[in-house]
There are 2 protein chains.
Amino acid sequence: MKDFALKGDILYSKSLNKVSQHENSYLVCVDGKSEGVYKKLPAKYKGIKVYDYSGYLIIPGLVDMHLHAPQYIFVGLHMDLKLLDWLNTYTFPAEAKYKNLSFAKKAYDIFVHDLTLSSTTRFSMFATIHNEATLYLMNELEKTGFKGYVGKVNMDRNSPKYLIETTNKSVKNTLEWLDACEDFKNIKPIITPRFIPTCSDKLMKELSKIMIDKNLPVQSHLSENRSEIEWVKELMPKVKNYEEGYNKYGMLGTTTKSIMAHYVWPDEKGIELMKNGNVWVAHSPASNRNLSSGMAPIGRYLREGIKVGLATDVAGGSYLSMFRAIEDTITTSKVRNCLFDSEYYNVTIEQALYLATLGGGEFFGKVGSFDKGYEFDAIVLNERDIPTVLMSELNLLERFERYIYRSHTNVYAKFIAGKKIV
Amino acid sequence: MKDFALKGDILYSKSLNKVSQHENSYLVCVDGKSEGVYKKLPAKYKGIKVYDYSGYLIIPGLVDMHLHAPQYIFVGLHMDLKLLDWLNTYTFPAEAKYKNLSFAKKAYDIFVHDLTLSSTTRFSMFATIHNEATLYLMNELEKTGFKGYVGKVNMDRNSPKYLIETTNKSVKNTLEWLDACEDFKNIKPIITPRFIPTCSDKLMKELSKIMIDKNLPVQSHLSENRSEIEWVKELMPKVKNYEEGYNKYGMLGTTTKSIMAHYVWPDEKGIELMKNGNVWVAHSPASNRNLSSGMAPIGRYLREGIKVGLATDVAGGSYLSMFRAIEDTITTSKVRNCLFDSEYYNVTIEQALYLATLGGGEFFGKVGSFDKGYEFDAIVLNERDIPTVLMSELNLLERFERYIYRSHTNVYAKFIAGKKIV
């Protein structure tokens, strides 16, 4: 891989409340990693290729912590029901189609095409229960140059007969799938029990064993919707709270890394289990609006030291654009604040940029920053269609803010671990 | 004006809960008005020009009931404060710039350019206190072919010294402005007291007189933010509620037509004043999120027979796109429902289409429908970048829904009162 530099207006997060801004500067990539930002290209990099994005905004690639690739076929549709009815009416029938590999290929090709053009560089996504289709998706993502996690979904109860596995089959399929995944270099498997309602105790125990034996991360859904939480109480009457329902299998960061999608309604005791620094909340504000789930208290999580990343949650979420996830994170925090909380809970534009880059990126290793040693994930934003009357007065963070609110979907250029994708 | 027809997939609202869908049909325009929709072009229209938009979705133009043209210069910025601080810190200084006509020309040219490409066909907007700049804006809108209302803003108290008029000057300027407006055919003046906090009792009385004498509609802001409402109580200690604060001047539809922006926090007695059928709530869900104002109970308003239209409220609102206003109306209603209300309050996609067309359109006369006799406002939507795996199974309303959620900003073609604008 050849070394190179990007020239442009460079913005990235240093920490939750602090950004680093470098107008008209150079961002150097050596061996797929950032060598840092320079006002003038140092002599030792003389002769490397320079991509000239002068006047363009360059930020770290955005990290989508939770989305369902198979659901992209109905993105922007079917959001008139709440979670459990929505799953049974729209989502399960749609996911069942992926048993048919030729359907899956057609659908996943479109999904990977659109994800490629988007601002997303890293992700953790759900596929379906089907091994063949899941491996096809992983292969397409790998070929494109993405890095991230994909999970073959497990579900052995409370699911329609056309989209359910026996416990034994679910375990066997998982092991076979994991064997096949060894061919991939950049797309990695993640253990994926759909959520407690669709996974028996026996299945959870088996998945936990595999997770620990093979040192694999885990992803699932937690406390998204109030009816779901009531149901989980009925399903696990002896377990104190939904959080403990995962924790008892080592799935809240006590054994390997974990992502829990949504976490809209924390339990006052269960929330303590979320503070060990090895479990991430995947905040999906659009999905939580669309499915009438609620508004997750992200300001509180940040204050209490819970790890948070942002997510589109396609297709409960209605877009693939992480720019919109940033916007919706900010506006949801404001509405929450206005109705329930104190000023303290507003998520600022600085914080939202952090959450969409370093916040989620940390799950993937050294990802989400341009500091030296971080993997070189970068996107280039074209602001040409933005009103420019006051443009000269804006700093880079303000330009980023304005860009976010302009409903943009795609990027001008994109690099993942030093490879140019767009 | 020559007669013509549009050919394509035609969708429009018949009433709040009912849409009319016509695949591969003709929409005929005669003398700037709709002659209705036909599966086959009737013989009597033989030879008229047919714009062939086969496969494209055609819907009525969208009606933006409330936006601030001068604030477009900072759209997508400066939303870290709540209403009153936001006005003083960002908005008033920005509006003051429009005293300078050359600045105003530059800014309004960009605004009109972007509004032209947008889905908006009708509007009621605020300008600033400045006559010259306001007339320039109106002239540019008129030249483009828009129809709608523009208001020179009045404010004579509680405003910074660089953006305030004496009461007499405010009245005199208003009368001079109204005289100058007589030159316009399609862009009409609307009486525009900014809101009660910035308008003295004397000014309100004078504006009310002018409004009634000249039979002009009126627009203002009502019950947007809780601090604002408290302040109005202090300013008008003898008046029962904020609603009555306007009603006592005949400004809630009892004399002429009225638009009240926001109405996030209705008073349980004052709300009765909003039910006379001649006052519209301009619902601005994005603005109400951005400025931490709250979530207006639109489902309740619809149930109780209050007129509602949708609005972007640029630049408390962060976009010019009425598609986004439709999306945000739906999602705001869901979050409200989930937290406070019953299922009854969800705004459906059918209802949101109605509100964005006929709901607001009625304020402007026969606007917002393709039924015979309505003014011919139509927009054509290009869905080519939408995932198409399931496309053949979608009806027109579902295609519209999916389009809305794809974060679109602009349109493929646009007609206003029979004139092709885009």
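Read-outs: derived from the displayed coordinates by stated rules, not from any lab. Because the structure is predicted, anything quoted here is derived from the model rather than measured. Positions of Cβ are backbone-derived with ideal geometry, glycine not excepted, and every protein chain shown enters the neighbour counts.
Descriptive notes on the structure:
- Chain lengthening between B:Thr166 and B:Val50 when straightened (0.36 nm per residue, less Cα-Cα): 36.3 nm
- Centroid-to-centroid separation of region B:190-261 and region A:228-278 [C-alpha atoms, Å]: 52 Å
- Nearest 10 degrees, 0 to 90: helix B:131-144 Cα axis against chain B principal axis: 0 degrees
- Considering all different alpha carbon pairs of region B:22-172, the Kirkwood hydrodynamic radius works out to 18.3 Å.
- Among the listed pairs A:Lys334/B:Lys238; A:Lys147/A:Lys202; A:Lys257/A:Lys419; B:Lys147/B:Lys269; A:Lys147/B:Lys334, a Cα-Cα separation exceeding 28 Å is found for A:Lys334/B:Lys238; A:Lys147/A:Lys202; B:Lys147/B:Lys269; A:Lys147/B:Lys334.
- Highest mean first, the peptides B:266-272, B:276-282, B:63-69, A:110-116 sorted by other C-beta atoms within 10 Å per residue fall in the order B:63-69, B:276-282, A:110-116, B:266-272.
- Relative contact order of region B:63-364, pairs being alpha-carbon contacts under 8 Å that are 6 or more residues apart, as %: 19 percent
- Trypsin sites (Lys or Arg not before Pro) lying in DSSP loop within region B:18-94, provided at most 15 other Cβ fall within 10 Å: B:Lys39, B:Lys40, B:Lys46
- Number of partner chain Cβ atoms within 10 Å, mean per residue of B:401-409: 6
- Computed from backbone phi with θ = phi - 60° and the Karplus coefficients 6.51, -1.76 and 1.60, the 3J(HN,Hα) list for region B:13-18 is 7, 9, 7, 3, 10, 10 Hz; x is used for glycine and proline.
- FRET E, pair A:Leu81, B:Thr89, Förster distance 51 Å, beta-carbon r, rounded to 0.05: 0.75
- Over region A:108-168, the alpha carbon radius of gyration divided by the compact-protein estimate 2.2 N^0.38 Å works out to 1.27.
- Nearest-ten-degree value, helix B:322-339 long axis tilted from longest Cα axis of chain B: 70 degrees
- When only alpha carbons are used to place a centre, region A:295-362 and region A:101-128 end up 24 Å from one another.
- Among the residues of A:323-333, the average count of other protein chain beta-carbon atoms within 10 Å of the residue beta-carbon is 3.
- Close amide H contacts of A:Ala5 (hydrogens built in the peptide plane, cut-off under 5 Å, sequence separation of 5 or more or a different chain): A:Cys29, A:Lys49, A:Val50, A:Tyr51.
- Arranged from fewest to most other beta-carbon atoms within 10 Å of their beta carbon, B:Met274, B:Met236 become B:Met236, B:Met274.
- Restricting the trypsin sites (Lys or Arg not before Pro) of region B:133-229 to loop positions (DSSP other than H, G, I, E, B) with no more than 11 neighbouring Cβ atoms within 10 Å leaves B:Lys185.
- Two-site FRET efficiency, B:Asp371 against B:Asp179, from Cβ-Cβ distance with R₀ of 41 Å, rounded to 0.05: 0.65
- Only helical runs count toward this figure. For chain A, summing -39,500 (n - 2.57) over DSSP H runs of n ≥ 4 and dividing by all residues gives -9000 deg cm²/dmol at 222 nm.
- The protein assembly as shown: C-alpha pair distances exceeding 36 Å, %: 48 percent
- Burial ranking of peptide ranges B:328-337, B:283-292 (average Cβ count within 10 Å, highest at the top): B:283-292, B:328-337
- Candidates per GluC sites (Glu not before Pro) in region A:124-231, loop by DSSP, up to 16 other Cβ within 10 Å: A:Glu182
- GNM on chain A, alpha-carbon springs under 10 angstrom: the most fluctuating residue among A:Pro160, A:Pro60, A:Pro193 is A:Pro160.
- Shielding by other protein chains, A:313-319, mean Cβ within 10 Å: 2
- Nearby aspartates and glutamates by direct alpha-carbon distance to B:Lys99 (threshold 18 angstrom, same-chain neighbours under 8 apart not counted): B:Asp109, B:Glu132, B:Glu140, B:Asp156, B:Glu165, B:Glu176
- Helix B:226-235 and the long axis of chain B differ in direction by around 40°, with both axes built from C-alpha atoms.
- Under 5 Å between amide hydrogens, built in the peptide plane, is the criterion, and for B:Tyr56 it picks out B:Asp9 among residues at least 5 positions away or on other chains.
- Pairwise centroid distance, computed over Cα atoms, of region B:1-46 with region A:149-167, Å: 48 Å
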